[in-house]
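Undergrad: Sharing a structure with you now.
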Amino acid sequence: MRLPKTAHTSQPWRIHQLTRDFRLEDVWALPTPGGPDGFPRLVQLMASGDPSRGPSRIARTLWAIRWKAGELLGWDGPDAGHGSERPTLRDRLPADLREAPSGPDFAALPFFSLYLTGDEWAAEIVNRTVHGVMHLGWVRSGTGRYRGQMAVLVKPNGLLGTGYMAMIRPFRHLIVYPLLTREIELAWRALNANPNIGAHVPCRFLAKPAPGPKGRRPCPCSTPTSPKARCRRRQRTSSSRG
């Protein structure tokens, strides 16, 4: 559900100090009910997911068009920042956040974690169109209950970025975010339906793992879910992309 911007600005988030020159584009309530200790599972779910593999054919098509356009027009290359160097909000972090673990790596999306606290996680994306921030928070939704809340903040890069954001706005509001929140809800229910899987994300919501023997892609749900096993899977996935 889309929320008024005050749902984000009224919270005492630390992201406010870092994004004074960014525009708050969207705020969404995430259907992820839980207790006060549920935030790490939400962070892991979001970092592990790949929305371009979701069940909606419309959403998959839109993501495929976006990635192809970025490839053809050079929006997402390593030198795709605005100016000679890629800007990063890590330069603005106070000492305590800069020295703490920043958060998990993303399995598929081109975001990079900025900082992680007990109830906040921020990650940034930089390309030729925008410098953007995805912010997740863990907010109270009732007596002893909490849920996730997602905000998107952007700084468009010139006329290209301004035009790009205006062009995709109706698709984001009418298609992309409603479908994304639905997929997050399904993944969250799957996590909570089986307490034995811990913070492991069901395979249908994961980025594709590296091919196994004979070119087959193993399902992560059928492999050990210890930290070492998850680490090995991440290393294999990273090496396959290199």
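The values are calculated or read from the model by the stated rules, or taken from the named source; none is laboratory data. Being a predicted model, the structure only gives us computed values, none of them experimental. We place every Cβ from the backbone using ideal geometry, glycine too, and count neighbours over all the protein chains shown.
Undergrad: If the Cβ limit is 8 Å and pairs must be 6+ apart or interchain, which residue in segment 5-16 that is assigned by TED's automatic domain parsing to the domain that holds residue 95 pairs with which residue that is among the aromatic types (Phe, Trp, Tyr)?
TA: Filtered contacts from segment 5-16: 14/115.
Undergrad: Residue 24 - would you say it is in a strand (DSSP E or B) and either closer than 23 Å to residue 110 by Cα or among the charged types (D, E, K, R) (or both)?
TA: yes
Undergrad: Return the only residue of 55, 36, 12 being at pLDDT below 90 and assigned to a loop (DSSP other than H, G, I, E, B).
TA: That would be 55, the only listed residue that is at pLDDT below 90 and assigned to a loop (DSSP other than H, G, I, E, B).
Undergrad: Checking the condition of a type in the set (Val, Ile, Thr), more than 24 Å from residue 50 (Cβ to Cβ) and not in a strand (DSSP E or B), which residue from 162, 181 passes?
TA: Selected residue: 162, the only one of 162, 181 that is of a type in the set (Val, Ile, Thr), more than 24 Å from residue 50 (Cβ to Cβ) and not in a strand (DSSP E or B).
Undergrad: Still on this structure, I have one more. With respect to residue 168, determine if the residue is modelled with pLDDT under 95 and out of contact with any Phe, Trp or Tyr (no Cβ under 6 Å at 6 or more places or on another chain).
TA: yes
Undergrad: Sticking with this one: Answer yes if at least one residue in segment 120-132 is part of a loop (DSSP other than H, G, I, E, B) and either within 16 Å of residue 15 (Cα to Cα) or at pLDDT 90 or above (or both), and no otherwise.
TA: Taking segment 120-132 and keeping what is part of a loop (DSSP other than H, G, I, E, B), we get 127-129.
Checking the rest, the ones that are also either within 16 Å of residue 15 (Cα to Cα) or at pLDDT 90 or above (or both) come to none.
Within segment 120-132, not a single residue is part of a loop (DSSP other than H, G, I, E, B) and either within 16 Å of residue 15 (Cα to Cα) or at pLDDT 90 or above (or both).
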